[in-house]
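Remarks on the structure that follows.
Computed from the coordinates by the stated procedures, all read-outs in this text should not be read as laboratory data. As the structure is a prediction and not an experimental result, all values here were calculated from the model. In this analysis, Cβ positions are derived from the backbone assuming ideal geometry, glycine residues included, and neighbour counts consider all displayed protein chains.
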Amino acid sequence: MEERAIQRIFILGSGGRLGAALMKEWQKLDCLKLVSLSRSELDFSQPEAAVNVLKNYKLTEKDFIINCAAMTNVDQCEEDSGLAMNVNATTPGLLAQLAADAGARFLHVSTDYVFDGKLERAYRETDQPHPISHYGASKLAGEEAVMATSPHHYVARVSWVFGPERPSFVDQIIERAFTSDQSAAIDDKTSSPAYTKDLAEWFQIFLQPEIDGGIYHLCNSGLCSWREYGEYALQVAARYGMPLRTTSVAPLKLSEMKNFIAQRPQHSALDTTKFSTLLGKPLRSWQEAVEEYIRLQVTGNRLQD
Ligand SMILES: NC(=O)c1ccc[n+]([C@@H]2O[C@H](COP(=O)([O-])OP(=O)(O)OC[C@H]3O[C@@H](n4cnc5c(N)ncnc54)[C@H](OP(=O)(O)O)[C@@H]3O)[C@@H](O)[C@H]2O)c1
């Protein structure tokens, strides 16, 4: 990595799936000084108190802040839209303003759920967002609040995040197949999985001061339905010797999900051309990423790659 002026990198939401991955992967880069701020240290539901916590660090232009904290439970956001707005929009906007005032750059993590899922191709950064849930609306408001404070800040939209730091769909479907020979997942909802290990590698490019501020889409390449994603994970897990009772996943329809409170976008894959051009290489496929994730799970992370 090239020499840079950055002295401290603040990871907000460091206890979550992505935040914890950044802490773990970036600790290996011993040239970086990481400051971890989890929910117990910086609570986004209390905007003023959160600002005061970050103020105490006396930010300078040599600091970089990454916000991975969010209220991510889509149905909870639907039931408490006020809290979702505070956590996902108001506080990120205030923290981004604090960073901008100090000349520090701020990377805010966002979501494919800012789109309505009705487009017939993957979404580009230039496509008009149109959220259909309070979660999506609060995340879009967060993007706008952050970008209003500085043209040098970043919004990184990601989708279907998986990794070892916190169980996700991949882990749940494998877990279920240990004890049941019945497996089912939605087949008419598509997007692109994103492996936390890959996101942690890709995010490093934003540390370079010459990278233009703005919105970027980041996820593994290719798209799939939940059913295809789950079935692929089961097949890989079985290949690595996991004693599963099934490797096939029956199709469900999104409209059959009566327990969903919030509406979900049906087709929300992200087009990553802008980011892969910036990186100068294609982003590896979701299948390669899932395969590596499961292999590392099976081998107990003994392989260091
Ligand atoms: N997961 C996905 O599939 C997905 C898809 C698209 C976009 N994203 C975006 O990716 C980012 C990271 O998500 P993730 O997958 O890492 O989710 P996650 O595991 O739920 O992590 C979110 C983190 O935010 C913290 N948090 C929640 N409420 C908070 C509050 N009031 N104050 C401070 N921290 C709070 C959580 O704390 P606790 O540890 O205490 O719960 C957790 O550490 C988010 O911006 C999310 O919107 C995720």
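Descriptive notes on the structure:
- Values of log10 I(q)/I(0), in the order q = 0.07, 0.13, 0.16 Å⁻¹, for the chain under a Debye, Cα-only, solvent-free model: -0.26, -0.93, -1.39
- Magnitude of the charge dipole for the chain, about its Cα centre and with charges confined to Cβ atoms of Lys, Arg (+1) and Asp, Glu (-1), is about 460 debye.
- With R₀ fixed at 25 Å, the C-beta to C-beta distance from Asp80 to Gln128 puts the FRET efficiency at about 0.40.
- Inter-site label distance for Leu279 and Glu61 at 7 Å from Cα along Cβ, in nm: 3.0 nm
- For Phe169, Phe162, the sequence from fewest to most other C-beta atoms within 10 Å is Phe169, Phe162.
- Going from the fewest other Cβ atoms within 10 Å to the most, the residues Cys31, Cys77, Cys219 appear in the order Cys31, Cys77, Cys219.
- Highest-fluctuation residue, Gln287, Gln266, Gln208 considered, GNM on the chain with Cα pairs under 10 Å: Gln208
- Each other residue within a Cβ distance under 13 Å of Ala50 adds +1 if Lys or Arg and -1 if Asp or Glu, for a net charge of -1.
- Per-q log10 I(q)/I(0), the stretch 93-216, q = 0.16, 0.20, 0.21 Å⁻¹ (Debye; single scatterer per alpha-carbon; no solvent): -0.91, -1.23, -1.29
- Listed peptides 42-52, 66-76, 238-248 appear in the order 66-76, 42-52, 238-248 once ranked by packing, highest mean of other Cβ atoms within 10 Å at the front.
- Equivalent ellipsoid of the stretch 131-179: semi-axes from √(5λ) of the C-alpha gyration tensor, largest first, are 33, 14, 6 Å.
- Among Gly230, Val87, His108 - extreme Cα towards positive end, dipole of the chain, charges at beta-carbon: Gly230
- 222 nm mean residue ellipticity, helices alone, for the chain (DSSP H n ≥ 4; -39,500 (n - 2.57); rounded to 500): -10500 deg cm²/dmol
- Legend: residue pairs Lys28/Lys281; Lys118/Lys189; Lys58/Lys197; Lys118/Lys274, Cα-Cα distance threshold 19 Å; pairs beyond threshold, Lys28/Lys281; Lys58/Lys197; Lys118/Lys274.
- For Leu270, the residues whose amide H sits under 5 Å from its own are Tyr123, Ser192, ignoring neighbours fewer than 5 places away on the same chain, with H placed 1.01 Å from N.
- Sorting Phe115, Phe206, Phe106 from the fewest to the most surrounding beta carbons within 10 angstrom yields Phe206, Phe115, Phe106.
- Seen from a random direction on average, the alpha-carbon convex hull of the stretch 1-156 projects onto 9.6 square nanometres.
- Net charge over other residues, Cβ less than 14 angstrom from the Cβ of Cys68 (K, R count +1; D, E count -1): +3
- Among beta bridges that DSSP assigns inside the chain, antiparallel share in %, nearest 5: 5 percent
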